[in-house]
Amino acid sequence: IAAECGLGRIPHEMPPNNKGYDIESKDDAGTLWFIEVKGRISGAETFTITRSEIGVGRNKPDQHLLALVEVLDEGSPRVRYLRRAFEDVGDLPFDTISVNLKWAPYFNRGEVPA
């Protein structure tokens, strides 16, 4: 939410039972951004993403952001935005609910919110 406010957008936190994304944010042009937030303690090896979250990312590739938040022992968390995050994730079997992905490759591909 703070990163979005810092960009001049108007973020709205979605209810906990919302499947697919955590924040809906509107920019000055009226574009809606669908943001999935994943936070992990520094040094974590993986993060879990659901089938629904991947689906939103694939269905709205130009409006979807994966926000990765690395929580440090001291200081402010490090935030990275990743666009088109799930293009390299293959098709999941029909009955798959979620998958674990390696944290570092995704975080390293991400950019500081701008």
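The label-point distance for residue 10 and residue 37, in a model that sets each label 7 Å from Cα toward Cβ, rounds to 1.9 nm.
Relative to the Cα centre, what is the charge dipole magnitude of the chain, using +1 at the beta carbon of each Lys and Arg, -1 at the beta carbon of each Asp and Glu, and rounding to the nearest 20 debye? Intermediate results must be reported in sequence, preceding the final value.
Numbers: 14 positive and 18 negative charges, 30 e Å.
Dipole magnitude for the chain comes out near 140 debye.
Among beta bridges identified by DSSP and lying wholly in the chain, the antiparallel ones come to about 70 percent. In loop segments of the range 74-114 as defined by DSSP, the GluC sites (Glu not before Pro) with at most 13 further C-beta atoms inside 10 Å of their C-beta are 74, 87.
With 10 Å bins beginning at zero, the pair-distance distribution over Cα atoms of the range 35-84 amounts to 25, 49, 23, 4 %.
Only one item in (i) 14.9, 56; (ii) 13.8, 41; (iii) 14.0, 47 matches Rg and Dmax of the Cα atoms in Å derived from the coordinates shown, and that item is (ii). For the range 82-92, backbone phi angles converted through the Karplus equation (6.51, -1.76, 1.60; θ = phi - 60°) give residue-by-residue couplings of 10, 8, 6, 5, 10, 4, 8, 8, x, 5, 8 Hz, Gly and Pro being listed as x.
Any read-out appearing in this document is the output of simple, stated calculations on the displayed coordinates, not a laboratory observation. On a predicted model such as this, the values are computed, not experimentally measured, just so you know. With ideal geometry, Cβ positions are generated from the backbone for all residues, glycine too; neighbour counts draw on all protein chains shown.
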